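Computed from the coordinates by the stated procedures, all read-outs in this text should not be read as laboratory data. Worth saying up front: this structure is predicted, and the values here are computed from it rather than measured. We place every Cβ from the backbone using ideal geometry, glycine too, and count neighbours over all the protein chains shown.
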Amino acid sequence: MELGSAAALDEAAWIRAAQAGDQAAFERLVRAHDRSVLRLAMNLLRSEEDAYDVYQETFLRVFRSLHLFRFDCSFQTWLYRIVSNLCVDQLRKRKARREESAVVDTAEGPRDRTDVHPDARPQGDPERALLSRQLGQRIFQVLQDLTPRERVVFELRHYQGLRLKAIGDALGTSEEAAKTCLFRATQKMRAALGDFV
Amino acid sequence: MNCETVKRDLSLFLYGELTLEEEQALQDHVEACPACRQALEAEKLLHQALDERELEPPATLLVRCRQDLSRRLQSGAPARPGWLAWLRQPLGWQTIFKPVGAVALVALGFVAARWTGPGAGPPAMPLGEPMTSQVRYLEPDPSGNLRIVVEETRQRVLSGRLDEEPIRQLLLAAAREARDPGLRGETVDILRAQPEAADVRRALLATFEHDPNDGVRLKALEGLKSFATEPDVRSTLVRSLLVDENPGIRIQAIDLLIQKREDALVGVLQELMQRESNNYVRLRCQRALQEMNASVGTF
């Protein structure tokens, strides 16, 4: 989702056009960012339905509030602020309910959240497959044990590749606070997974 | 840097979030310390294991999300004036013009409401006067009567001078609200005769930054020239320099900004050099940096 300089200028033009009522420009903005939004929600929530809900709510909010966007941060940061807040809320609700199960219903049927991506499964090596599965379960568990904020910071840094400064901006906090969060998250990961790697 | 600090910072190192000095110190330590070298390898493996857990949403989910979003936007949009018109709300102008906006719309007759023409309004309205009207609310009652709330505006002619408050306020509203860029341009032309008034300057700044028409933006820029060293004007110029689509405006923004040579401007121009695609603007930018004895790149 990181844009080059020329693309960023194009994007500013789309935003202005969308703010002026250009539907096609709004659609281009959505298309430019929606895959990343969905990926972030999917990785944070590990549920297709929850990711779907977050996607819808994120872009409806963008639609309703785009006229308030003043270019005082990048559009990406503004967008991540919306999606991160929605995901944090969802994670907090789950924490409160303690309901998260490792198995989720997907369009393709029940699936174990701790499964690695099918392409990444070690082929023809049962021992490695078992190890990988155990590692997956351990990772799933440690991600669950992170606070919602640690989880979001880790996700934005590790999987989305955002700089800590941008993460701080997106979460309405300082770079230093985001760094502390990331530090805590990786400490917990290391403590839980150190013997596996 | 000792082993404890290194082990603590390994992850931040792999994320590239340490300062150059910290990074150098960590690398130096790792080279000399086998235990920390091993810890670094373990940290890399941990990152790799985490990389493999990334989920890619199924394509079918993305398609469903897009289709449903599109449907929701369509169905959620009011019939009139439509979401496009809703999105057209101005940026930051409400606060400037709200108190006078309604009056201005009536008086100058550039309201975007439906033109009904003489005699086309409800019977209670006086006929023969130019008028715009719009149905705002409709309520049928059980007896079959309809209660309709109609918003109406009437045209009238005002005359006066720019230094008269009502006239100036109307012009300020017109500079933003008029749909016709020609009218906005004329308004800006008149307003820029009084750029020392704070509200006029705000209006010129907002027009320069937000007006969709290049000609109108240029006129607003003309009006701001004598204030090119003022902080509010400079920050608007910098923003436009980085986002305005018109290369002519970007060049003029550079010309005005370098009237006051300050350190912060060097960084702005260097950033512009990185992202600017227009050769003329790049050349002007390069010359400005040279005039300021600054390097062209940030290195």
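Below is a table of values for the structure above.
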read-out: Low-density loop cleavage sites - trypsin sites (Lys or Arg not before Pro) in region A:126-197, where at most 16 other Cβ are within 10 Å (DSSP); value: A:R163
read-out: Rounded FRET efficiency, nearest 0.05, which uses the C-beta distance separating B:Q74 from A:R133 and R0 of 45 Å; value: 0.50
read-out: Longest to shortest principal axis, alpha-carbon extents of region B:3-52, angstrom; value: 30, 23, 15
read-out: Förster radius 41 Å - calculated FRET efficiency between B:L14 and B:K225 (Cβ-Cβ, nearest 0.05); value: 0.20
read-out: Descending semi-axes in Å of region A:33-82, equivalent ellipsoid built from Cα gyration tensor; value: 21, 11, 7
read-out: log₁₀ of I(q)/I(0) at q = 0.17, 0.20 Å⁻¹ - region B:179-234, Debye sum with one point per alpha carbon; value: -0.44, -0.60
read-out: Lys, Arg +1 and Asp, Glu -1 on Cβ, resulting dipole of region B:3-52 about Cα centre, debye, nearest 20; value: 200 debye
read-out: Histogram of C-alpha separations across region B:142-241, 10 Å bin width, %; value: 15, 42, 23, 9, 6, 4, 1
read-out: Mean separation of Cα contacts under 8 Å (6+ apart) over length of region B:189-299, as relative contact order %; value: 18 percent
read-out: Separation in nanometres of the label points that stand 7 Å from Cα toward Cβ, at B:R156 and B:C3; value: 8.8 nm
read-out: Cα coordinate range in region B:228-299, projected on the principal axes (Å, largest first); value: 29, 25, 16
read-out: Dipole moment magnitude, nearest 20 debye, region B:228-299 about Cα centre, only Lys, Arg, Asp, Glu C-beta charged; value: 180 debye
read-out: Cα-based equivalent ellipsoid, region A:137-197: semi-axes from gyration tensor eigenvalues, Å; value: 22, 10, 10
read-out: Neighbour cut-off at most 12 other Cβ (10 Å), DSSP loop, trypsin sites (Lys or Arg not before Pro), region B:160-199; value: B:R161, B:R179
read-out: Candidates per GluC sites (Glu not before Pro) in region B:252-283, loop by DSSP, up to 13 other Cβ within 10 Å; value: B:E262
read-out: Number of partner chain Cβ atoms within 10 Å, mean per residue of B:8-19; value: 4
read-out: Whichever aspartates and glutamates have a C-alpha closer than 20 Å to that of A:K165, once near sequence neighbours (fewer than 8 apart) are set aside; value: A:E2, A:D72, A:E150, A:E155, A:E175, A:E176, B:D9, B:E17, B:E21, B:E22, B:E23, B:E271
read-out: Using a Förster distance of 30 Å, the FRET efficiency for B:E21-B:Q286 (Cβ separation, nearest 0.05); value: 0.40
read-out: Peptide ranges B:19-25, B:250-256 listed from the most packed, as the mean C-beta count within 10 angstrom indicates; value: B:250-256, B:19-25
read-out: Candidate lysines - alpha carbon under 25 Å from A:K93, same-chain residues fewer than 8 apart omitted; value: A:K179, A:K188
